[in-house]
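Asker: Dropping the structure in here first, questions after.
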Amino acid sequence: DFEETSEHFVPGFMVAVDHELNCVVLALRGTSGAKDVLVDLVCEVVPCELAGVQGQAHGGMLRAAQRVSERLLRLVLQGLEMLEATSVRSPHVPDVLITGHSLGGGVAALLAALWRDQAALPPGRVMQCITFGCPQVLDAEHAMALSNFTTSVILGDDLVPRLSLTTVQDLRESCLRVNDPEAFQLSSSLSTASLQARAARGNEDDMAHLAAAHAQISGACHGTSNRLFPAGRLVVLRQAEIPMQDPHYVALEGAQADVDEMLISSDMAAAHMPARYLKALDEAMNIPAPREVKLNGLG
């Protein structure tokens with residue numbers, strides 16, 4: 001079943017039955033029009049209770065997940081009825097796979113969390129959620145609690161998994177400090193001109209100074225409230241140099257610290273595109289031994 005909906009807070013979706021793998025697949029589309037942008041922009045942090053624990057969630061995406069939950073659950077249950085009960089299923093393939101990119105990934109992760117909390121699937125049915133470029137949708141504790149059934153794949157400098165009202169405010173405060181450090185009782189060595197000069201030289205002492213400056217400024221600007229993260233286990237795709245091969249992407253275990261601040265780079269928008277994710281995933285399918293990998297920036 002495929003639906004291209006025009007309703008607000010209802011992303012486009014597809015429900016398919018894979019008879020070869022004996023699995024129901026629910027895919028939610030990413031941002032594609034003005035109505036989807038509304039969901040992205042409703043970024044206030046709202047209360048959210050999962051497993052009896054109070055937390056916080058992205059308001060627009062939580063509303064979208066709640067709005068489509070009943071309709072999509074009905075379709076998924078119909079799909080499960082179509083599966084061959086006697087078919088041998090691989091232990092690595094769930095009964096229900098939920099996936100999405102960008103907005104679709106955020107809604108997919110929250111939908112999976114709601115269904116798990118409600119025990120919505122029949123007993124014994126296994127559900128997994130895999131997202132790509134998932135936005136910041138849950139507080140740290142709730143995001144981590146989904147790790148046993150949700151994985152968020154993040155490509156290099158992708159802007160979206162690091163973008164929230166809080167991280168934008170952090171960036172603004174950091175820019176104010178490097179623009180006029182004396183106004184914040186900071187050393188002039190933290191000024192934009194001084195930092196750029198050290199970056200241009202790039203020797204060991206300069207790089208150590210830049211690392212210390214980053215730690216000092218980001219520490220002073222790190223807001224402690226309303227911080228959200230992509231859901232579940234984080235897998236980061238980064239470009240690496242491998243002996244006797246052209247540089248290509250590898251999959252590495254990520255952490256919430258990897259997405260806790262904005263990264264400004266020339267690739268931060270392009271890295272979010274679905275085609276880039278497909279290319280990087282294709283390259284990362286054969287993961288080399290860690291000793292053979294030399295990271296080439298953030299990819």
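The values are calculated or read from the model by the stated rules, or taken from the named source; none is laboratory data. These figures come from a predicted structure and were not determined experimentally. Virtual Cβ from ideal backbone geometry, glycine too; neighbours counted across all protein chains shown. Protein only, heavy atoms only, side chains kept; ligands, DNA and RNA dropped before computing areas. Shrake-Rupley method; radii C 1.70, N 1.55, O 1.52, S 1.80 Å.
Asker: So if I check each of GLN216, GLN245, which one is modelled with pLDDT of 90 or more, open to solvent by 70 Å² or more (accessible area, probe 1.4 Å) and of a type outside the set (Val, Ile, Thr)?
Answerer: GLN216
Asker: Pick from region 5-14 the residues that are part of a loop (DSSP other than H, G, I, E, B) and closer than 18 Å to LEU111 by Cα: which of them is modelled with the highest pLDDT?
Answerer: GLY12
Asker: Pairs needed: first member in region 123-137, part of a loop (DSSP other than H, G, I, E, B); second member anywhere, open to solvent by less than 20 Å² (accessible area, probe 1.4 Å) and charged (D, E, K, R); C-beta distance under 7 Å; at least 6 residues apart or different chains.
Answerer: Going by the 7 Å Cβ cut-off, the qualifying pairs are ARG125/ASP95; VAL126/ASP95; GLY133/ASP158.
Asker: In region 15-42, how many are modelled with pLDDT of 85 or more, outside any loop (DSSP other than H, G, I, E, B) and surrounded by 16 or more Cβ atoms within 10 Å (Cβ to Cβ)?
Answerer: 8
Asker: I've got another one for you. Would you tally the residues in region 181-196 being farther than 30 Å from VAL45 by Cβ and open to solvent by 40 Å² or more (accessible area, probe 1.4 Å)?
Answerer: Within region 181-196, residues that are farther than 30 Å from VAL45 by Cβ and open to solvent by 40 Å² or more (accessible area, probe 1.4 Å) number 7.
Asker: Related question: Kindly indicate the residue of region 47-64 that is assigned to a strand (DSSP E or B) and exposed (fewer than 15 other Cβ atoms within 10 Å of the Cβ) and also modelled with the lowest pLDDT among those meeting that condition.
Answerer: By that ranking, first place goes to VAL53.
Asker: Filter region 219-242 down to the residues that are outside any loop (DSSP other than H, G, I, E, B), modelled with pLDDT of 90 or more and within 18 Å of ALA140 (Cβ to Cβ) and list them by number.
Answerer: PHE229, ARG233, LEU234, VAL235, VAL236, listed by residue number.
Asker: Any chance you could count how many residues in region 93-122 are closer than 23 Å to LEU155 by Cα and assigned to a loop (DSSP other than H, G, I, E, B)?
Answerer: 1
Asker: Mind checking which residues of region 256-287 are closer than 16 Å to ARG162 by Cα and open to solvent by 100 Å² or more (accessible area, probe 1.4 Å)?
Answerer: Selection gives ILE264, SER266.
So that you can scan it fast, the table gives a plain yes or no per residue for (1) part of a helix (DSSP H, G or I); (2) open to solvent by 10 Å² or more (accessible area, probe 1.4 Å):
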position	(1), (2)
MET144	yes, yes
ASN148	no, yes
THR151	no, yes
ASP158	no, no
PRO161	yes, no
THR167	yes, no
LEU171	yes, yes
SER174	yes, yes
